[in-house]
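Q: Once you've had a glance at the structure underneath, I'll fire off some questions.
The values are calculated or read from the model by the stated rules, or taken from the named source; none is laboratory data. This one's a predicted model, so the numbers in the text were calculated from it and none came from an experiment. Here the Cβ positions follow ideal geometry from the backbone for every residue, glycine too, while neighbour counts run over all protein chains shown.
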Amino acid sequence: MTVIDKVAWIRLEDGVILSSRSRGKDVYYIPGGKREPGESDLDTLTREIREELSVAIVADSAAHLGTFHAQAHGHPDGRIVRMTCYTADYQGTLRPDNEIEEIAWLTHADRHRVSPVDRVIFDHLRATARLL
């Protein structure tokens, strides 16, 4: 089993969650990405969100929400994503950047439009009454 180590930003507003779609992809992903060698969770979160969405994470507002696992979308069986998720405030205006083509605010009803690990997260957020 191979594990892909990722850190993600859970941004909820009025019961909907911020998601993004990369160019050429057919599903939405919770914003974030792979850790680079030597990076802490917060380092990864800050870098990835700046690169993807052009905003700055407010570091002292970051709070661990949970760590989730699932089969990696588009990878052979046995390749697992470990998604360490944080909530945090941000500064700036959200806009797609670099490989991100689109951002969207999704509800649990959009669960079929996201990656497998995001489905697990959507279910958790719904069960804890955070996601419509």
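Q: Kindly evaluate residue 50 against the criterion of being crowded, with 19+ Cβ neighbours inside 10 Å and within 22 Å of residue 98 (Cα to Cα). Break it down into steps so the answer makes sense when it comes.
A: On the way: crowded, with 19+ Cβ neighbours inside 10 Å: no; within 22 Å of residue 98 (Cα to Cα): yes.
So residue 50 fails the test.
Q: Could you please find all residues in the stretch 115-132 being in contact with a helix residue (DSSP H, G or I) (Cβ under 9 Å, 6 or more places away or on another chain) and either within 23 Å of residue 80 (Cα to Cα) or buried (at least 18 other Cβ atoms within 10 Å of the Cβ) (or both)? Show your work before the answer.
A: Step one: filter the stretch 115-132 for residues in contact with a helix residue (DSSP H, G or I) (Cβ under 9 Å, 6 or more places away or on another chain), giving 118-119, 122-123, 125-126, 130-132.
Within the stretch 115-132, 118, 119, 122, 123, 125, 126, 131 meet the criteria.
Q: How about the stretch 56-96: which of its residues are among the β-branched types (Val, Ile, Thr) and either over 17 Å from residue 41 (Cα atoms) or out of contact with any Ser or Thr (no Cβ under 9 Å at 6 or more places or on another chain) (or both)?
A: Filtering the stretch 56-96 down to residues among the β-branched types (Val, Ile, Thr) leaves 57-58, 67, 80-81, 84, 87, 93.
Selection gives 58, 80, 93.
Q: Which ones in the stretch 87-132 are under 14 Å from the mean Cα position of the chain (by Cα), among the aliphatic types (A, V, I, L, M) and not in a helix (DSSP H, G or I)?
A: Listed by number, the residues that qualify are 88, 100, 103, 104, 106, 114.
Q: Shifting gears a bit: Can you go through 69, 73 and tell me which one is of a type outside the set (Phe, Trp, Tyr) and not in a strand (DSSP E or B)?
A: Only one candidate passes the filter, namely 73.
Q: Please tell me if residue 46 is without any contact (Cβ under 8 Å) to a residue 40 or more places away in the chain and not in a strand (DSSP E or B).
A: Yes; evaluated as a whole, the condition is true for this residue.
Q: Is it the case that residue 76 is free of Cβ contacts under 8 Å to residues at least 12 places away in the same chain and not small (Gly, Ala, Ser)?
A: Working: free of Cβ contacts under 8 Å to residues at least 12 places away in the same chain: yes; not small (Gly, Ala, Ser): yes.
The answer is yes for residue 76.
Q: Taking the stretch 24-40 only, how many residues are over 13 Å from the mean Cα position of the chain (by Cα) and either modelled with pLDDT of 95 or more or of a type outside the set (Lys, Arg) (or both)?
A: Of the residues in the stretch 24-40, 7 are over 13 Å from the mean Cα position of the chain (by Cα) and either modelled with pLDDT of 95 or more or of a type outside the set (Lys, Arg) (or both).
Q: Taking strands (runs of 3 or more DSSP E) that fall entirely within the stretch 1-40, which contain at least 1 residues that are closer than 17 Å to residue 110 by Cβ? Can you show your working first?
A: Numbers: elements: 2-9, 16-22, 32-34.
Those strands (runs of 3 or more DSSP E) span 2-9, 16-22.
Q: If you don't mind, another one. From the set of residues in the stretch 83-114 that are touching a strand residue (DSSP E or B) at 6+ places or on another chain (Cβ under 7 Å) and without any contact (Cβ under 8 Å) to a residue 40 or more places away in the chain, which is surrounded by the fewest Cβ atoms within 10 Å (Cβ to Cβ)? Walk me through how you get there before you give the answer.
A: To start, the set of residues in the stretch 83-114 that are touching a strand residue (DSSP E or B) at 6+ places or on another chain (Cβ under 7 Å) comprises 83-88, 90-92, 94, 96, 99-107, 113-114.
Subsequent filtering for residues that are without any contact (Cβ under 8 Å) to a residue 40 or more places away in the chain retains 91-92.
On the way: 91: 8, 92: 12.
Looking at residues that are touching a strand residue (DSSP E or B) at 6+ places or on another chain (Cβ under 7 Å) and without any contact (Cβ under 8 Å) to a residue 40 or more places away in the chain, I get 91.
Q: Can you name the residue in the stretch 65-101 that is touching a helix residue (DSSP H, G or I) at 6+ places or on another chain (Cβ under 7 Å) and β-branched (Val, Ile, Thr) and, of all such residues, is nearest to residue 24 (Cα to Cα)?
A: If we take residues in the stretch 65-101 being touching a helix residue (DSSP H, G or I) at 6+ places or on another chain (Cβ under 7 Å) and β-branched (Val, Ile, Thr), then 100 is nearest to residue 24 (Cα to Cα).
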